[in-house]
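Working notes, beginning with the structure itself.
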Amino acid sequence: MKPTTDLDYVELYAKKLKNDKNLFQQQKILIESQLHSSRAVFSKFGTGDKFKAKAREYLKGTGLV
């Protein structure tokens, strides 16, 4: 069956992850790396209201907001 909807692709991807341990491990490493990078970037902004202000300033500077 050829995937036709977004949900079909998600289901196909989930099945591939379940059946291919190497693919699962690769995706796990990628997600953990992204989490680590995000923590490293956003930890520089402090906490509370200071965090919000600095995060918005950073995101505006990168053109994401």
Could you identify the single residue in 7, 23, 64 that is assigned to a helix (DSSP H, G or I) and surrounded by fewer than 12 Cβ atoms within 10 Å (Cβ to Cβ)? 7
Selection count where residues are acidic (Asp, Glu) and within 20 Å of the chain's Cα centre (by Cα), scope region 1-30: 2
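Residue under question is residue 49, and the condition is that it be modelled with pLDDT under 90, assigned to a helix (DSSP H, G or I) and of a type in the set (D, E, K, R); does it hold? Spell out the reasoning first.
Working: modelled with pLDDT under 90: yes; assigned to a helix (DSSP H, G or I): yes; of a type in the set (D, E, K, R): yes.
Judged against the criteria, residue 49 is a match.
The values are calculated or read from the model by the stated rules, or taken from the named source; none is laboratory data. None of these values were measured; they are calculated from a predicted model. Because the Cβ atoms are built from the backbone with ideal geometry, glycine has one as well, and the counts that use them run over all protein chains shown.
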